[in-house]
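Peer 1: Quick one: the structure is below, questions incoming.
The values are calculated or read from the model by the stated rules, or taken from the named source; none is laboratory data. Fair warning: this is a prediction, and the values are worked out from it, not measured in the lab. Quick reminder, even Gly has a Cβ in these numbers, built from the backbone with ideal geometry, and neighbours come from all protein chains shown.
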Amino acid sequence: MSTTDPVDDNGEKRMTLIESLKEIEKYGWYWGAISAKEAALLLADEPIGTFLVRNSRSKEYFMSLTYNTPTGIYHSRVAWHQGYFCLGGPATIMKARSFVNLINDILASANDPIHNIVMFPTLERSDTETVHLQRTLDRFDFLPSLKYLCRCVIRQNTTTMSLCSLPVPKSIKEYLASPKYLLVHYSEVETTERVNRGDKLAMLTAMKRR
């Protein structure tokens, strides 16, 4: 960070709202414009304390967190107030200049009794619950591997008989020819992964097309 970068009293770099929202696109925990229902489905089989970030459907907020707790899956909006992203309202101690720093602070507070995240009673719940958000659900984990995609493209453009003449090591030829790997057209990769991983990749694909 250069000496000309504006910082606040805590030494945190000040970012514009647009800069901060643009920054999150490269992080796997950001799932874009999926709905609350889709987010809940993604988290249904994940460990307690797992969460993801998505665009908020409310015009008053930019982002929402969806997270898995012992009593169910819940959603919390993240507010933008006086240059800070705030989880829990402007008076919360869980706030940061950038959204990435907010997520890092949330993860750091998972085992910190002083900075616990608390859910207060709502129409859906009658008690107060402490939430430990310990891990994020990474959308990049649901993408097919580069190795698998390369195999699909090679098999699409090469006959079984001609595999032996490819100028590649023997181990790669065996991988390409092995019957234990699904042989699919490149365009069918999404369908194959959907069978193996449920509807999660289909949801990710839909998100990318929006």
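Here's the yes/no breakdown for (1) modelled with pLDDT under 85; (2) of a type in the set (Phe, Trp, Tyr); (3) in a loop (DSSP other than H, G, I, E, B); (4) farther than 20 Å from Tyr27 by Cβ:
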residue	(1), (2), (3), (4)
Glu60	yes, no, yes, yes
Tyr74	no, yes, no, yes
Val78	no, no, no, no
Leu102	no, no, no, no
Asn111	yes, no, yes, yes
Asp127	yes, no, yes, yes
Leu133	no, no, yes, no
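Peer 1: List, please: which pairs have Cβ atoms under 7 Å, are six or more places apart or on different chains, and start with a residue in segment 73-86 that is free of Cβ contacts under 8 Å to residues at least 60 places away in the same chain and among the charged types (D, E, K, R) and end with one that is assigned to a strand (DSSP E or B) and buried (at least 18 other Cβ atoms within 10 Å of the Cβ)?
Peer 2: Pairs that qualify, where the first residue is free of Cβ contacts under 8 Å to residues at least 60 places away in the same chain and among the charged types (D, E, K, R) and the partner is assigned to a strand (DSSP E or B) and buried (at least 18 other Cβ atoms within 10 Å of the Cβ), are Arg77/Ser64.
Peer 1: Follow-up. Taking segment 49-58 on its own, how many of its residues are small (Gly, Ala, Ser) and either in contact with a Leu (Cβ under 7 Å, 6 or more places away or on another chain) or assigned to a strand (DSSP E or B) (or both)?
Peer 2: Final tally of qualifying residues: 1.
Peer 1: If Glu38 meets every condition in (1) closer than 22 Å to Phe140 by Cβ; (2) free of Cβ contacts under 8 Å to residues at least 60 places away in the same chain apart from one, which number is that one?
Peer 2: Unmet condition: (2).
Peer 1: Collect the residues in segment 40-61 that are over 16 Å from the mean Cα position of the chain (by Cα) and closer than 19 Å to Ser98 by Cα, keeping them in residue-number order.
Peer 2: Glu60, Tyr61
Peer 1: Are any residues in segment 36-47 surrounded by 15 or more Cβ atoms within 10 Å (Cβ to Cβ) and part of a loop (DSSP other than H, G, I, E, B), and if so, which ones?
Peer 2: The one that is surrounded by 15 or more Cβ atoms within 10 Å (Cβ to Cβ) and part of a loop (DSSP other than H, G, I, E, B): Glu46.
Peer 1: (1) more than 16 Å from Asn104 (Cα to Cα); (2) modelled with pLDDT under 85; (3) surrounded by 13 or more Cβ atoms within 10 Å (Cβ to Cβ): which one isn't true of Lys13, the others all being true?
Peer 2: Condition not satisfied by Lys13: (1).
Peer 1: Another question, then. Among the residues of segment 135-147 satisfying the criterion of being touching a helix residue (DSSP H, G or I) at 6+ places or on another chain (Cβ under 7 Å) and part of a loop (DSSP other than H, G, I, E, B), which is surrounded by the most Cβ atoms within 10 Å (Cβ to Cβ)?
Peer 2: Leu137
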